[in-house]
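Visitor: A single structure is presented below for examination.
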Amino acid sequence: MDDITTRLRRWTHDADAVPASDLMDEAADEIERLREAIRRFSEQDATLSVQGGNVTVTMDATLTDAEREAIREALAGAEQDARLFADAAAAKDAVALRGLLDRTK
């Protein structure tokens with residue numbers, strides 16, 4: 001089946017075209033789906049790009065305040081475990097968490 005935009009453009013020239021109401025309903029449904037997709041992307045930190053007719057979505061590396069606070073708390077716990085128990089795994093976790101916070105400022 002052709003893309004909705006192609007069928008809309010062809011409709012006035014096609015002798016065997018489906019009724020306009022069917023095509024308009026389908027176009028309205030597509031617009032609603034696209035609006036919902038855009039709304040969802042806007043609530044996340046995402047970047048949309050179009051190249052050669054293809055849409056690419058890239059999630060931006062940002063954190064919510066709650067996520068950042070949870071990472072800070074986990075970092076504090078890992079640093080404490082590394083200090084108190086000479087825990088090498090906790091020290092490694094602390095380095096990784098610190099890197100995450102620094103990279104997503």
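Throughout, read-outs are computed from the coordinates displayed, never taken from laboratory work. Owing to the predicted nature of the structure, the values given are computational and were not obtained by experimental measurement. Reconstructed Cβ throughout: ideal geometry from the backbone, glycine too, with neighbour counts over all protein chains shown.
Visitor: Yes or no: residue 79 out of contact with any Pro (no Cβ under 8 Å at 6 or more places or on another chain) and surrounded by 14 or more Cβ atoms within 10 Å (Cβ to Cβ)?
Guide: Details: out of contact with any Pro (no Cβ under 8 Å at 6 or more places or on another chain): yes; surrounded by 14 or more Cβ atoms within 10 Å (Cβ to Cβ): yes.
Yes.
Visitor: Which residue, of 63, 34, 84, 48, is free of Cβ contacts under 8 Å to residues at least 12 places away in the same chain and under 13 Å from the mean Cα position of the chain (by Cα)? Please lay out each step first, then the result.
Guide: Details: 63 fails: free of Cβ contacts under 8 Å to residues at least 12 places away in the same chain; 34 fails: under 13 Å from the mean Cα position of the chain (by Cα); 84 fails: under 13 Å from the mean Cα position of the chain (by Cα).
After applying the criteria, what remains is 48.
Visitor: For region 1-92, list the helices (runs of 4 or more DSSP H) that sit wholly inside it and hold at least 2 residues that are within 23 Å of residue 104 (Cα to Cα); which are they?
Guide: 20-43, 65-85
Visitor: So, residue 57, is that one farther than 30 Å from residue 102 by Cβ and either surrounded by 11 or more Cβ atoms within 10 Å (Cβ to Cβ) or under 28 Å from the mean Cα position of the chain (by Cα) (or both) or not? Don't jump to the end; show me each part of the working.
Guide: Working: farther than 30 Å from residue 102 by Cβ: no; either surrounded by 11 or more Cβ atoms within 10 Å (Cβ to Cβ) or under 28 Å from the mean Cα position of the chain (by Cα) (or both): yes.
No, not satisfied.
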